[in-house]
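Only the coordinates and a few stated rules stand behind these numbers; no lab work does. Please read these numbers as outputs of a predicted model, since none were measured by experiment. Counting neighbours? That spans all protein chains shown, and the Cβs are built from the backbone with ideal geometry, glycine included.
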Amino acid sequence: MFHALTRMTVTTLIAGGLLISAAGALIAADGHEHKHGDHADTHEATAPSAPYLLPNDPVTDQPLAEAGHPIVIVHEGRELRFANKDNAEKFKADPQAFLPAIDAAMIKDQTPRYPLTTCLVSGESLHEMGKPIDFIYNNRLIRLCCKDCKGDFLKDPAKFIAKLDAAAIEKQKAEYTAKTCPVSGEPLGTMGKPADRLVGDRLVRLCCGHCEKKLRANAAVYLDKVSDAKTPHDEHSGHADKKHEHNH
């Protein structure tokens with residue numbers, strides 16, 4: 001997973017492959033901090049952030065695929081992507097004007113893939129206390145049975161997200177149809193047991209761990225390759241087949 005940054009009072013902007021924090025510390029895209037001086041902040045986030053995988057700019061709804069090189073910022077530990085710098089600046093000027101819609105879109109996108117029917121914290125049915133509590137934490141959908149469990153989750157989110165990751169990998173392995181590594185193109189199994197990795201809430205199977213760096217650097221492209229590999233037996237096969245034919 002991508003390493004998240006700690007919650008900050010300002011957002012940070014990627015420049016030349018580095019995130020520039022308010023304290024002047026340089027933080028590489030992999031989350032490792034490189035100090036400028038002896039007093040740079042070294043705070044660690046409580047849980048890793050998933051990448052921003054929505055297809056559109058959250059300000060203008062422009063498809064990010066048309067943007068070429070999206071602007072990536074980190075706001076309160078969350079990665080967000082914009083089609084251009086102007087849109088990123090509009091978001092930073094008033095984040096609350098856009099975050100509710102971003103969260104709603106992420107909940108809609110991730111709900112069909114959510115691996116658990118029980119509360120991540122209590123283990124009880126998600127409907128044990130009525131309508132489940134759905135919210136986004138660092139770009140991941142979290143589903144809980146009640147508000148009390150949300151408080152418990154926030155005390156140690158990394159612990160519960162690790163549990164969610166394990167459940168997501170296990171569920172999606174049974175449904176995974178791609179036979180080749182999306183990074184190398186090699187058949188899965190030729191390098192030994194496939195390396196299972198989550199990109200956000202989505203499973204990607206690699207031929208080996210060495211492909212992970214490239215996967216993280218351009219996650220959206222490789223996720224598209226995995227999506228294109230879906231067979232007609234997939235529940236969304238009609239859409240997958242049309243996309244496959246269009247791309248070829």
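When +1 charges are put on Lys and Arg Cβ atoms and -1 charges on Asp and Glu Cβ atoms, the dipole computed for segment 114-175 relative to its Cα centre reaches about 140 debye.
Less than 5 angstrom separates the built amide H of ARG140 from those of ALA50, all sequence-distant by 5 or more or on a different chain. Coupling constants for segment 196-210 follow from the phi torsions by the Karplus curve (6.51 cos²θ - 1.76 cosθ + 1.60, θ = phi - 60°), and in residue order they are 8, 10, 9, 10, x, 10, 10, 6, 10, 9, 10, 6, 6, x, 5 Hz; glycine and proline get x. What is the distance in Å between the Cα centres of segment 200-231 and segment 165-191? Their Cα centres are 9 Å away from one another. Taking amide H positions as modeled 1.01 Å from N, with prolines and chain starts lacking one, the residues under 5 Å from CYS208 and 5 or more places away or on another chain are ALA195.
The local environment of HIS210, defined by Cβ-Cβ distances under 13 Å, has a net charge of +2 under the rule Lys, Arg +1 and Asp, Glu -1.
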